Every structure is written in structure tokens, then in C-alpha cells.
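S.K.: Here it is, the structure in full.
Every number here is computed from the coordinates shown, using simple stated rules; none is lab data. Just so it is clear, the model here is predicted, and its values are computed rather than measured. Note: ideal-geometry Cβ built from the backbone for every residue, glycine included; neighbour counts use all protein chains shown.
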Amino acid sequence: MAVLGFGNHAPRHDDPRYLRVPLQPHGAAPFEVWRTQAPVRHGRDGDIAWACDG
């Protein structure tokens, strides 16, 4: 459903399912992945990026 990238070295990406978080990771896990069993819809509304599994 979403991928969160943490820290100064996290890449930038325009996909609305990706969120870059400006907090440094604790340890060697710079990404967090959120999964769902349902289909994911996603898009943008102005400056707001969104993702939803219903």
C-alpha cells in the first residue's frame, strides 16, 4: 500500500504511495513497507498524495 523512506539518503520519488520522512533511521532499515490484501487506489489532489485500500 505504501513505502516510507527514512533519512537524508532516502530517494525522492513522485509516486503517491511513497513518503520520504526526514527522520534518520534507527539501524540499517531505511525503508518501511505497508502491505494490504486489497487493491490499492492512489492519486494526487493538489499537493496531497493519497493511497487507499478501501
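S.K.: Give a quick list of trypsin sites (Lys or Arg not before Pro) in the range 8-47 that DSSP marks as loop, anything other than H, G, I, E or B, with at most 10 other Cβ atoms within 10 Å. Each step should come with its number before you reach the end.
M.R.: On the way: sites: R12, R17, R20, R35, R41, R44; in loops: R12, R17, R35.
Of the trypsin sites (Lys or Arg not before Pro), the ones in loops of the range 8-47 whose Cβ has at most 10 other Cβ atoms within 10 Å are R12, R35.
S.K.: Binning at 5 angstrom from zero up to the longest distance, how are the C-alpha pair distances of the chain distributed in percent?
M.R.: 5, 20, 26, 22, 16, 10, 2
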